[in-house]
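Single-structure report; data block below.
What follows draws every value from the coordinates through simple rules; no lab data is involved. Note that the structure is predicted; figures quoted are calculated from it, not measured. Note that each Cβ is placed from the backbone with ideal geometry, even for glycine, and that neighbours are counted across all protein chains shown.
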Amino acid sequence: MAAVTPLLLLLLLSSAPSFSSGSRNAYNINGRVKIPQGLGLGTKGYALPGRMSNVKVLLNGGQNITFLRPDGYFSFHNIPAGTHLIEVSAIGYFFSPVRVDVSARTPGKVQAALTENRKGLSELVLEPLREEQYYEIREPFSIMSLLKSPMGLMVGFMLAVAFLMPKLVENMDLEEMRRAQEEMRSQGVPSLSSLLPGGAMN
Amino acid sequence: MAIRSFFLFILFFSSSLSPVFSLYEDQVGLMDWHQQYIGKVKQAVFSSQRAGRKRVVVSTEENVIASLDLRHGEIFWRHLLGADDVIDGIDIGLGKYVITLSSGGSILRSWNLPDGQMVWESSLQGPKHSKSFLLVPTNLKFDKDNVLVVFSNGRLHAISCIDGEVLWKKDFEAESFEVQQVILPPGSDLIHVVGFAALSQFEMYQINAKNGELLKHESASFSSGFSGQVSLVSTETVVALDSTGSILLTISFQDGKISSQQTPISNLVEDSLGPAVIIPSSVSGIFAIKTDAVTIFIRVIGKGNLEVVEKTTHEIAVSDALSISEDQQAFALIQHASSEIHLTVKLAHDWDGNLLKESVKMDRQRGLVHKVFINNYIRTDRSYGFRVLIVMEDHSLLLLQQGEIVWSREDGLASIIDVTTSELPVERDGVSVAKVEHNLFEWLKGHMLKLKGTLMLASPEDMAAIQSMRLKSSEKSKMTRDHNGFRKLLIVLTRAGKLFALHTGDGRIVWSYLLRSLHKSEACQSPIGLNLYQWQVPHHHAMDENPSVLVVSRCGPSSDTSGVLSFVDTYTGKELSSLSLDHAVVQVIPLPYTDSTEQRLHLLIDADKHAHLYPKTSGALSIFKREFSNIYWYSVEDQNGIIKGHALKCKCTGEVADEFCFDTRDLWSVVFPSESEKTIATVTRKLNEVVHTQAKVVADQDVMYKYISRNLLFVATVAPKGSGEIGSVTPEESWLVAYLIDTVTGRILHRVTHHGSQGPVHAVFSENWVVYHYFNLRAHRYEMSVIEIYDQSRADNKDVWKLVLGKHNLTSPISLFSRPEVITKSQSYFFTHSLKAIAVTSTAKGITSKQLLLGTIGDQVLALDKRFLDPRRTVNPTQLEKEEGIIPLTESLPIIPQSYVTHALRVEGLRGIITVPAKLESTTLVFAHGVDLFFTQLAPSRTYDSLTEDFSYALLLITIVALVAAIFVTWRLSERKELQEKWR
């Protein structure tokens, strides 16, 4: 395990020293999810079903769940000091989980890093690492794909035999061909026409 | 079985690295279906918007808030809150915001009504835990800003409706003060907070709504104390019951003066009824009390004079009040009468006059009405019409209007407890139940359309028609068994105690049955369903019998309450019989034996460690006696960290002596030290799993033998400190230990410690491997590990000569009592997401390669090839290993978007994934359930034994035609040539 990037910068964050009895060390984590415009519109009219209102932000594997405000901001309230994990669930995008350290010694300071690529975040702004395409893209009809299919190969081979073979035969020496034909006749190799029904009538 | 020999060849082909599960967008819905639910409705608020589509906003016991279309019952939008984020109250503010109070009154959120976008979120703290109230006054303004009044955690807040800012707050710190009601008298700027203190003190606070200033505080003591809830009968009067439940206290606090009156219930009703409880209602002037058998409605006249208006023994449900004009309130009342329900709408001050009286036929399988919500609309003749939303015992939601059920939603399916499957009837004359057989013309038309489609001549409308035809294909939704085993019934047991049979083809409900044995009765106070088992699966000699399932339930939440068994026919959905047991059910062990009528033998272990055999027939007993000494099982005691192995001893002794009862003995126990280890997960192999081959051929023509035993148990323990949430422990203090234990001998076959790791652990056991998912605190990422276990005692059978000369030990009997020589191989990888569930595909013969199905935190199901979790992966595999299909080792497991089996859908609130083999070896059926349901077919190694859905029949036809044409052309040519030859 390579050392975690030391570039973890300090983060904003209002600490909320709590008033209540039990939870003395409770802090807030505030952040923002940013989905770049245009990222969603790229590929082949593939409509994204997930809108901003369907994005969920999850803390520590679902211990707390929150949603985004219209401007993409989110917050978790009353979080104890320690190292936490934030995940973003959005259909159509791949988000890296984020490791967030809420420090008890220096209240209100938060450090964050993406766990997928160990990149430090200077602000808790989460952006998708990539888009997710859930469907295969159907290739448009093309002659090549038709020819490459087993049927295409079969037809191709047949055509090759039917039209190229005579050509090859033509290029042979006349003498040789005649000899070969005679040989065939003497052996009584049935011709194609005699094999077919009706062909035998001739 | 030509196909059989073809398999291996094909398997080689399919071992390319591309995602195996992949779908084109137009194939959505062909093999899969997805159903969205919300759960049992707790509260409903009707949107009063005049324009636009009528909506109702609901909150449910599954922590869902949803906006439903009032006309059809469809979901406009929906949000599933966290598991601990229980919704306390919802309301609509300013006509366009949905306000929700959740998490015991500590989170207040506002959602945009049209699209469900969250607008703001506030966290509300307070000095102590208390009841919480959410009030949305219509007339209270604060600098042109509408105000919400929230009481939670012992503090009263006034909050701006626009941005969630707290305008003022007021603490109620008195140690013993328990708030009962928060009242906003209309047309004034006052807030009344009433409650009890020190059990016998009634307290009333009057607060200025503008600034939170305390205006008045009055208290009065009642020596008899209070019990239960209070009911508000007017803005200045509440009714409570004394601690004995027999005297009604009418307390009024007009102008800040507390006055009270006591009325014994026996004065109102002649016959004494025993202790009563108040049913809270918001109808002014009227409240209801309920005793064991009777519900009594009482009207308050003037200052504390009570009058009984109705007494009924029927089951009854009352709605909240709905104000229909300045001074008139209406409410709805529903009473049951055999197969009908009677709905009456009354005015609050006029009990005898009914605004509306309707009877609606109700399916008995829906049970009783649990909740009623009323809404009004204005008819064309300017009179009032009423519609009511009712929540039934089976958790379904129905809208009644004009004496009819307008729509219904089966929301019981949002809380599935257990799932099993059943085969459909074999197709025979008179058995086919399919109603959607086409006539010849339609059949021809369909095929013409399809032909057009494949020849690319179809117009967009035709394409749409083809698509809908593909989706609605009657073939897949037939009610008979098919060749490939794709059509089955999914039998699901819901938390409401209802059984549903869903058709795998299109997900429709074939039948549903509200278990009578799960109804409340005197013997059984709060029955809960536990598990479903396949009781009778007829084949061979009991072909004429219908298959049936066994539902095991018990009478209370604790495990020592007595059990109830019910047997339900899966074709008809009727209960065959039910048994009230005189013993508890702690563990149910389906045995691998069936009796002469194909009924499976089950062993039920009770709280006193007696084993009871079912079915109680002599045939079953004789089979059982034969296998008496071969039956072993284990039990896990989570609290003490003990795993025990058990076996049967002898017949029961003592007074409960019964032929089918057996004493048991403990064979072994594994005790985990409680100061360092706490069990958090135990997993075994699925009972019905099929393994095709024991041998595994590895790269250098070597053979490894899988250690395949049905009696292997995977146990994961963590340090007690690390059993909490992520972030609550440092890596040094936490570790995770994985064990493989033989459940017959108690021998620990393998043990591995992961330092700096913690739970939750999700694991799956199949064949000779186990895969588990946990959290690595050092890297702060999730990790997945695989352990494979191999049998070394067979390793020297590789010598061909030994096999030829018969000197191998392959046929020697296997006994678990001989010490197995096993070796294990393991490897760990990073994985990005948290998991909610994990499963593995299972196929009919176990030949097809396996895929892991991972239910991620985003409620999607990801298929991951088992080959990615192969402990033999290395960074640089040799050429031989590559040929074998070993993937170069990577640090983390890949997430390929195309291999999400749920594609662009979410199975909201995912809880479990079930896989069932189809008859076709390549295919497995996958059912994922949570709040939503999702079903699909998977082919982990592609469909090598059948043509794919997108197979081009047209191309095949064209090729054949072309070939035939070519034959004739060449024949003509050859004929002509021959003729010329002859002329020459």
If you fit an axis through the alpha-carbon atoms of helix B:440-454 and take the longest principal axis of the Cα set of chain B, what angle between them do you get, 0 to 90°, nearest 10?
70
Along the principal axes of its C-alpha atoms, what lengths does segment A:143-186 span, in descending order and rounded to whole Å?
44, 20, 8
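Whole number please: convex hull volume per residue, Cα atoms of segment B:175-309, in Å³.
Details: hull volume 13.4 nm³, N = 135.
Measuring per residue, one finds 99 Å³ for the Cα hull of segment B:175-309.
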Which order results if A:SER145, B:SER548, B:SER842 are arranged by neighbouring Cβ count within 10 Å, fewest first?
A:SER145, B:SER842, B:SER548
Just the isolated ones, please: cysteines in the protein assembly as shown lacking another cysteine beta carbon under 4.7 angstrom.
B:CYS161, B:CYS650
Label-point separation, B:LYS982 to A:LEU129 (7 Å along Cα→Cβ), nm
7.8
To the nearest 10 degrees, the tilt of helix B:460-471 (Cα long axis) against the first principal axis of the alpha carbons of chain B is 90
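Can you bin segment B:503-623 into rounded, prolate or oblate? Criterion: square roots of the alpha carbon gyration tensor eigenvalues sorted a ≥ b ≥ c, rounded for a/c under 1.5, prolate for a/b above b/c, oblate for the rest. Intermediate results must be reported in sequence, preceding the final value.
Numbers: a/c = 2.13, a/b = 1.14, b/c = 1.87.
Because a/c hits 1.5 or more and a/b fails to exceed b/c, segment B:503-623 counts as oblate.
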Relative to chain B, whose Cα atoms define the longest principal axis, helix B:953-983 and its Cα axis are tilted in degrees, nearest 10, by 30
Order by neighbour count: B:CYS555, B:CYS661, fewest other Cβ atoms within 10 Å first, most last.
B:CYS661, B:CYS555
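Divide the volume of the convex hull of the Cα atoms of segment B:190-247 by its number of residues and quote the answer in cubic angstrom per residue. The partial results should precede the final answer.
Numbers: hull volume 4.6 nm³, N = 58.
Spelled out: Cα convex hull of segment B:190-247, divided by residues, is 80 Å³.
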How large are Rg and Dmax for segment B:605-731 when calculated on the C-alpha trace, in angstrom?
20.2, 65
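Would you mind counting up the charge near B:ASP482? Only other residues with Cβ under 12 Å from its Cβ, with Lys and Arg at +1 and Asp and Glu at -1. Walk me through the numbers on the way to the answer.
Working: positive: B:LYS476, B:LYS478, B:ARG481, B:ARG487, B:LYS488, B:LYS919; negative: B:GLU423, B:GLU427, B:GLU475.
Combined, the nearby Lys, Arg, Asp and Glu give +3.
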Taking every residue of B:71-84, the Cβ atoms of other protein chains inside 10 Å of its Cβ average out to 2
Theoretical FRET efficiency, 1/(1+(r/R0)^6), r = Cβ-Cβ of B:ILE301 and B:GLU165, R0 45 Å, to 0.05:
0.55
Report the percentage of all Cα-Cα pairs in chain B whose separation exceeds 51 Å, rounded to a whole percent.
33
With +1 on each Lys and Arg Cβ and -1 on each Asp and Glu Cβ, and nothing else charged, work out how big the dipole of chain B is about its Cα centre, in Debye to the nearest 20.
2560
Among B:GLY858, B:TYR705, B:TYR632, which residue has its Cα furthest toward the positive end of the charge dipole of the protein assembly as shown, with +1 on Lys/Arg Cβ and -1 on Asp/Glu Cβ?
B:TYR705
If I take all pairs of Cα atoms in the protein assembly as shown, what percentage of them are more than 46 Å from each other?
47
Segment B:231-238 - phi-based ³J(HN,Hα) in whole Hz, Karplus 6.51/-1.76/1.60, Gly and Pro as x
10, 8, 9, 8, 5, 10, 9, 10
Give me the one-decimal nm value for the distance between modelled label points at A:LEU153 and B:LEU947, 7 Å along each residue's Cα-to-Cβ direction.
1.9
Longest to shortest principal axis, alpha-carbon extents of segment B:40-171, angstrom:
45, 36, 19
For the pair B:ASP582 and B:ILE748, how long in nm is the line joining their label points, each one 7 Å along Cα→Cβ?
4.3
Counting partner chain Cβ atoms within 10 Å of every residue's Cβ in B:119-127, what's the average?
4
Place +1 on the Cβ of every Lys and Arg and -1 on the Cβ of every Asp and Glu in segment B:175-309, take the dipole about the Cα centre, and give the residue among B:LEU214, B:MET204, B:SER234 whose Cα lies farthest towards its positive end.
B:SER234
Can you tell me how much longer the chain between B:THR344 and B:HIS72 gets when fully stretched, taken as 0.36 nm per residue apart minus their C-alpha distance, in nm with one decimal?
95.6 nm
How big is the dipole moment of segment B:857-926 about its Cα centre under a simple scheme where the beta carbon of each Lys and Arg is +1, that of each Asp and Glu is -1, and everything else is neutral? Debye, nearest 20, please.
140
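Can you list, largest first and rounded to whole Å, the semi-axes you get for segment B:314-393 by taking the square root of 5 times each eigenvalue of its Cα gyration tensor?
Working: eigenvalues 108, 33, 25 Å².
Result for segment B:314-393: semi-axes of 23, 13, 11 Å.
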Going by C-beta contacts inside 10 Å, put B:PHE46, B:PHE934 in order with the fewest on the left.
B:PHE46, B:PHE934
May I ask what percent, to the nearest 5, of DSSP beta bridges between residues of chain B are antiparallel?
100
So if I place +1 on the C-beta of Lys and Arg and -1 on the C-beta of Asp and Glu, and nothing else carries charge, what would the dipole magnitude of segment B:175-309 be about its Cα centre? I want it in debye, nearest 20.
220
